[in-house]
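None of the figures in this text is laboratory data; all of them are computed from the coordinates on show. Computed from a predicted model, the values in this text were never measured in an experiment. Virtual Cβ from ideal backbone geometry, glycine too; neighbours counted across all protein chains shown.
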Amino acid sequence: MSKPPRRSLSGEAIFGKPHDHVNTQSDEHADTQLRDDEIPGGKGGRAGRGTREGDVHRSLYAKPETFDLIRRLAFETNTTAQALYREGLLLMLQKRGHAQGKSSEDI
């Protein structure tokens with residue numbers, strides 16, 4: 001006996017396009033696109049603190065237990081893991097004679 005056909009999300013029309021997908025939204029109801037200078041924190045300059053715009057990303061490899069501990073410390077001290085990473089970077093730079101007069105938010 002053969003297996004019944006397998007159901008898929010596209011077959012259930014969950015992710016499939018409706019037959020009239022071209023006409024689902026008229027131009028008169030479309031939102032107006034904003035220019036970059038109209039968006040708060042847009043390309044007009046560096047974004048405010050707590051955002052990632054303008055910052056560089058680097059991966060960090062560590063044992064899962066270390067990340068679990070950092071996540072727990074962040075929770076217990078009502079802060080974020082990112083803030084703890086920056087605090088650690090600041091301490092390392094200060095130990096080596098760099099980052100005088102800077103805070104972890106400047107890192």
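In this calculation the C-beta distance from Glu53 to Gln94 is compared with R0 = 22 Å, giving a FRET efficiency of 0.25. Take each peptide in 78-88, 58-68, 96-106, count the other Cβ atoms within 10 Å of every residue, and average; sorted highest first, the result is 78-88, 96-106, 58-68.
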